[in-house]
1. So for the chain, taking the charge dipole from beta-carbon charges (+1 Lys/Arg, -1 Asp/Glu), which of Gly17, Gly114, Val51 sits furthest toward the positive end?
2. Report, ordered by chain and residue number, the aspartates and glutamates lying within cross-link reach of Lys146, taken as a straight Cα distance under 14 Å and ignoring same-chain residues fewer than 8 apart.
3. Under the Kirkwood approximation for Rh and a Cα-based Rg, what ratio Rg/Rh is obtained for the chain?
4. Within the stretch 52-73, what residues put their amide N at less than 17 Å from the label point 7 Å along the Cα-to-Cβ vector of Ser93?
5. Could you pull out every residue, at least 5 positions away or on a different chain, whose amide H is within less than 5 Å of the one on Thr128? Hs are placed 1.01 Å off N in the peptide plane, and Pro or chain starts have none.
6. May I ask you to derive the relative contact order of the stretch 39-150, considering only C-alpha pairs under 8 Å and at least 6 residues apart, and to give it as an integer percent?
7. Let's see if you can work this out: charge +1 on each Lys and Arg Cβ, -1 on each Asp and Glu Cβ, no other charges. What is the dipole magnitude of the stretch 89-147 about its Cα centre, in debye to the nearest 20?
8. If I fit a long axis through the Cα atoms of helix 2-25 and take the longest principal axis of the Cα atoms of the chain, what angle between them do I get, 0 to 90°, rounded to 10?
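Just so it is clear, none of the values below were taken in a lab; they were calculated from the coordinates. Since we're looking at a predicted model, the values are computed, not measured. Here the Cβ positions follow ideal geometry from the backbone for every residue, glycine too, while neighbour counts run over all protein chains shown.
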Amino acid sequence: MTDVKRRIFLKGSLAAGTVGVAVGAGLLTPQTLLAAWNEAAFRSKEVPAAVKAYLGSDTLEESAAIQVKAPDIAENGAVVPITVETDMPNVSSIVIIASGNEQPLIAGFQLGAGAVGFVSTRIKMAKTADVVAVVKAGDKLYSAKKEVKVTIGGCGG
């Protein structure tokens, strides 16, 4: 019994030592892997500028085919659950905007061919404002919005 434990210990030690030597020699270096960052869009202070920088146009058409699901009242603006859903064909992008934030563009999702037009996430909101979903379907941009009231400490302030 002791011999089996000794073998397991020695194998583990040998593996850990090998990995340590490889890291020390630079053979196993961590690589930085980042998603594409559209800095101009995410740093924009105005909604039209952010949409244009991210999607190439700021011409939006309101659509009832987009459902924005969000709470009517968010007691904590740091964690507001948002769901955007559409059954439009050829959806390639979904963008979420909190119009009351200093930098309104919250998230942008690029969808692959054949993907369902659905995203769900949690966002931060600075104050009571509209949450706007912009959907790129084909070559057109469609939008829908929902007002979310952000309370202070859950007291309705």
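1. Among Gly17, Gly114, Val51, the one farthest towards the positive end of the dipole of the chain is Gly17.
2. Filter leaves Glu62, Asp72, Glu85, Asp130.
3. Here Rg/Rh amounts to 1.26.
4. Under 17 Å, as judged by backbone N against the label point of Ser93, lie 52-62 of the stretch 52-73.
5. Amide H neighbours of Thr128: Val150.
6. Once normalised by length, the contact order is 32 percent.
7. For this selection, approximately 100 debye.
8. Long axis of 2-25 versus the principal axis of the chain: about 60 degrees.
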